[in-house]
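The values are calculated or read from the model by the stated rules, or taken from the named source; none is laboratory data. Since we're looking at a predicted model, the values are computed, not measured. Neighbour counts run over all protein chains shown; Cβ positions are idealised from the backbone, glycine included.
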Amino acid sequence: MRSLERHRDVGAYALGVLDEAEAFRFEDHLMECTSCAAHVTEFGPASRQLMLYRRATPRYVHPMAQPGPRLLDRLLDEVSARRRAGRRRFLYAVAASVVLAVGGPAVATLAGGGDGAVQLTATDAKSGVWAQVTAANENYGSDVSLKIKDGAGPRSCRLVVVGRDGSEQVVTSWNVPAHDATMITMQGGAAMHPDEIDHYDVRTADGQQLVRLTSH
């Protein structure tokens with residue numbers, strides 16, 4: 001696959017329509033292309049809205065059918081509910097950060113409400129990398145959001161979820177700019193549900209562990 005074709009696949013990758021081989025090749029490209037990595041992040045909100053539409057649309061409805069006002073109302077209600085839940089998780093995170101500042105443990109674990117959301121925050125004393133993972137329970141597994149600060153670039157990194165059975169899945173990958181500790185935010189998904197995940201590892205492309213966030 002040529003470089004230009006890889007750039008064109010960013011939308012298909014973000015929407016999850018590439019086959020396994022194409023997705024694997026694109027992820028290799030993604031570790032070297034900051035432009036595509038940024039575009040994948042930008043596609044996150046659109047992907048989630050399409051997922052909401054798919055869930056709210058019966059299977060027998062033609063894919064080109066126009067959504068009615070009730071469907072729009074349901075979508076808006078769900079988006080509002082998610083935003084309220086996000087604000088609650090943010091307040092929990094602020095409270096946890098106060099505890100950490102006073103001298104608490106290096107990892108804060110916050111469990112959300114009935115949606116099974118989990119938020120973890122950790123700073124590795126050796127690497128200096130700070131990371132926050134929020135995993136929301138979905139029908140397919142987990143909707144994972146990662147925020148990270150890493151001033152030791154340039155380097156390629158990835159977020160790996162490790163299940164309680166020892167299995168591993170790569171959630172997302174990115175490039176760390178040179179000597180830039182600005183927070184990076186990324187979105188990804190895992191086939192495991194939050195309660196099936198033992199921990200989250202931020203690793204370099206060659207497997208070096210930068211920070212671990214344990215869910216128990």
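Of these, D143, D180, which one is in the same structural domain as D206 (by TED's automatic domain parsing), of a type in the set (D, E) and at pLDDT below 90? Can you show your working first?
Details: D143 fails: at pLDDT below 90.
D180 is the lone residue from the list that is in the same structural domain as D206 (by TED's automatic domain parsing), of a type in the set (D, E) and at pLDDT below 90.
What number of residues in region 123-149 are part of a loop (DSSP other than H, G, I, E, B) and under 13 Å from Q209 (Cα atoms)?
Residues in region 123-149 being part of a loop (DSSP other than H, G, I, E, B) and under 13 Å from Q209 (Cα atoms): 6 in total.
Go through region 202-215 and count every residue that is crowded, with 20+ Cβ neighbours inside 10 Å and in contact with a Leu (Cβ under 8 Å, 6 or more places away or on another chain).
Step one: filter region 202-215 for residues crowded, with 20+ Cβ neighbours inside 10 Å, giving 202, 210-211, 213, 215.
Keeping just the survivors that are in contact with a Leu (Cβ under 8 Å, 6 or more places away or on another chain) gives 202, 213, 215.
Residues flagged as crowded, with 20+ Cβ neighbours inside 10 Å and in contact with a Leu (Cβ under 8 Å, 6 or more places away or on another chain) within region 202-215 amount to 3.
I'd like the full set of residues that are farther than 15 Å from P154 by Cα, outside any strand (DSSP E or B) and at pLDDT 90 or above, limited to region 202-216.
Once the filter is applied, which keeps residues that are farther than 15 Å from P154 by Cα, outside any strand (DSSP E or B) and at pLDDT 90 or above, region 202-216 yields only G207.
Mind counting the residues in region 154-189 that are surrounded by fewer than 16 Cβ atoms within 10 Å (Cβ to Cβ) and more than 11 Å from the chain's Cα centre (by Cα)?
Summing the residues that are surrounded by fewer than 16 Cβ atoms within 10 Å (Cβ to Cβ) and more than 11 Å from the chain's Cα centre (by Cα) in region 154-189 gives 12.
Do we find that G166 is touching an Asp or Glu at 6+ places or on another chain (Cβ under 9 Å) and part of a strand (DSSP E or B) in this structure?
no
Since A125 meets every condition but one in (1) surrounded by fewer than 16 Cβ atoms within 10 Å (Cβ to Cβ); (2) in contact with a strand residue (DSSP E or B) (Cβ under 8 Å, 6 or more places away or on another chain); (3) without any contact (Cβ under 8 Å) to a residue 40 or more places away in the chain; (4) small (G, A, S), which condition does it not meet?
Against the list (1) surrounded by fewer than 16 Cβ atoms within 10 Å (Cβ to Cβ); (2) in contact with a strand residue (DSSP E or B) (Cβ under 8 Å, 6 or more places away or on another chain); (3) without any contact (Cβ under 8 Å) to a residue 40 or more places away in the chain; (4) small (G, A, S), A125 comes up short only on (2).
For V144, only one of the following conditions fails: (1) in contact with a His (Cβ under 6 Å, 6 or more places away or on another chain); (2) within 26 Å of H39 (Cα to Cα). What is its number?
So the condition that V144 fails would be (1).
Considering only region 15-47, how many residues are within 25 Å of N137 (Cβ to Cβ), in contact with a strand residue (DSSP E or B) (Cβ under 9 Å, 6 or more places away or on another chain) and either at pLDDT 80 or above or surrounded by 15 or more Cβ atoms within 10 Å (Cβ to Cβ) (or both)?
Residues flagged as within 25 Å of N137 (Cβ to Cβ), in contact with a strand residue (DSSP E or B) (Cβ under 9 Å, 6 or more places away or on another chain) and either at pLDDT 80 or above or surrounded by 15 or more Cβ atoms within 10 Å (Cβ to Cβ) (or both) within region 15-47 amount to 6.
Would you check which residues across region 162-200 are in contact (Cβ under 8 Å) with a residue 40 or more places away in the chain and among the hydrophobic types (A, V, I, L, M, F, W, C) and list them?
V170, W174, M186, A190, A191, M192, I197
Quick check, is M192 surrounded by fewer than 18 Cβ atoms within 10 Å (Cβ to Cβ), of a type in the set (A, V, I, L, M) and under 15 Å from the mean Cα position of the chain (by Cα)? Give the steps one after another, and end with the answer.
Working: surrounded by fewer than 18 Cβ atoms within 10 Å (Cβ to Cβ): no; of a type in the set (A, V, I, L, M): yes; under 15 Å from the mean Cα position of the chain (by Cα): yes.
When the stated conditions are applied, M192 does not pass them.
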